[in-house]
1. Which value in Å does the Kirkwood hydrodynamic radius of the range 5-143 take, with 1/r averaged over all unlike C-alpha pairs and then inverted?
2. If you rank Ser102, Ser150 by how much accessible surface each has, with a 1.4 Å probe, what is the order from largest down?
3. Measuring from label point to label point, each 7 Å out along Cα→Cβ, what is the Met87 to Lys109 span in nm?
4. Between Ser102 and Ala160, what length comes free when the chain is fully extended (0.36 nm per residue of separation minus the Cα-Cα distance, one decimal in nm)?
5. Classify the range 179-268 as rounded, prolate or oblate from the Cα gyration tensor: take a ≥ b ≥ c as the square roots of its eigenvalues, call it rounded if a/c is under 1.5, otherwise prolate when a/b beats b/c and oblate if not.
6. Computed FRET efficiency, Cβ-Cβ of Lys242 and Ala200, R0 35 Å: what is it to the nearest 0.05?
7. Would you mind working out the magnitude of the charge dipole of the chain relative to its Cα centre, with +1 at each Lys and Arg C-beta and -1 at each Asp and Glu C-beta, to the nearest 20 Debye?
8. Compute the FRET efficiency between Glu301 and Lys94 as 1/(1 + (r/R0)^6), taking r as their Cβ-Cβ distance and R0 = 22 Å, and round to the nearest 0.05.
Amino acid sequence: MKRNKITVVGSGNVGATTGLFAALKELGDVVLVDIVQGVPQGKALDIAETGPVAGFDAHVVGSNSYEATEESDIVIITAGLPRKPGMSRDDLVKINAGIVKSVTEQIIKYSPDCIIIVVSNPLDAMVYTCQKVSGFPKERIIGMAGVLDSTRFRAFVAEALEVSVESVQGFVLGGHGDTMVPMTRYATVGGVPLPELMDAKTINAIVERTKNGGGEFLPLLNTSAWVAPAASIIDMVESIVKDKKKVLPCAAQLDGEYGVSGLFIGVLAKLGKRGMEGVIEVKLDPAEKALFEKTVAHVEELKGKVDEILF
Ligand code: A3D
């Protein structure tokens with residue numbers, strides 16, 4: 001059986017960890033790419049040498065050239081600068097837009113039929129950049145942010161209630177950042193709606209911590225997180241390569257859903273072997289609708305910035 005080929009562009013913290021998780025889960029053979037000489041090669045070698053002791057079979061190689069990525073099934077873009085303390089994700093737009101543009105041009109040259117998962121920040125603007133440059137259909141371009149924001153929310157709820165993280169379900173909608181829309185009303189613990197188990201004040205505190213989930217790492221690590229982000233990417237990759245059709249919050253290009261067309265916004269989407277196989281539209285109450293509109297306006301603004309810089 002032919003293995004899937006998974007390319008990760010950007011072999012930094014998020015990229016290399018994604019490569020490791022992909023290999024550990026035997027989701028396919030892995031190619032790491034980076035502009036820095038030696039880094040993708042060295043990190044790939046380290047992961048490959050982990051195989052015998054960790055018990056996985058996957059070819060893992062690193063390269064500075066895109067020839068090695070030829071005919072990839074999935075390409076994950078993590079190339080670009082992460083935040084430093086005092087920076088917002090939006091501060092990255094100028095530099096990362098150019099990086100994502102050049103990376104996308106190379107990817108589509110060698111893998112015109114691949115599915116692309118964008119991770120570089122500011123996420124909603126970078127996934128738009130990638131789509132605009134590639135011209136790929138909405139099924140084959142998805143942004144990762146919602147799975148990460150949701151896993152953070154779920155972890156905080158589980159910690160507060162002292163229950164297994166596996167018993168907590170929940171998701172966020174909207175853009176990645178301060179304007180995300182945590183859908184607490186739909187969150188459940190063991191199937192029980194969260195508002196029945198937790199008072200509004202505690203829920204609000206968890207929502208605020210989730211919104212600042214990425215920022216919490218900046219003073220601790222001087223950069224952003226990478227393990228939970230990589231695991232979140234892998235949740236999406238696994239659903240695609242195994243055609244699981246998981247319903248996951250991710251940035252998908254809307255086509256009339258929520259009254260929005262053309263923009264990439266964090267929504268619930270079904271991920272299967274064709275990529276983003278459909279958006280699941282949930283009913284929003286007036287307060288959620290107001291937040292959703294705010295997030296749409298913010299993403300529109302970021303898209304405008306990218307257009308100014310690149311197009
Ligand atoms: P870092 O560890 O610095 O890795 C980035 C890598 O990209 C470095 O190895 C660079 O050499 C490489 N790179 C830069 N330019 C290019 C290029 N043109 N071609 C190929 N490689 C290049 O950062 P990181 O891994 O922590 O984060 C990577 C990106 O993901 C940043 O933009 C983060 O903000 C973003 N990120 C997003 C999320 C989301 O949830 C959306 C979470 C975590 C990180």
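The values are calculated or read from the model by the stated rules, or taken from the named source; none is laboratory data. As the structure is a prediction and not an experimental result, all values here were calculated from the model. So basically every Cβ, Gly included, is an ideal-geometry build from the backbone, and we count neighbours across all protein chains shown. Heavy atoms of the whole protein, side chains included, go into the accessibility calculation; ligands, DNA and RNA do not. Shrake-Rupley method; radii C 1.70, N 1.55, O 1.52, S 1.80 Å.
1. Over the range 5-143, the inverse of the mean reciprocal pair distance is 14.9 Å.
2. Heavy-atom accessible area, descending, gives Ser102, Ser150.
3. Between Met87 and Lys109, the simple spin-label model gives 2.7 nm.
4. My answer for the length gained is 16.5 nm.
5. Verdict is rounded for the range 179-268.
6. The pair Lys242/Ala200 has a calculated efficiency of 0.35.
7. With only Lys, Arg, Asp and Glu charged at Cβ, the dipole is about 140 debye.
8. Rounded to the nearest 0.05, the efficiency is 0.95.
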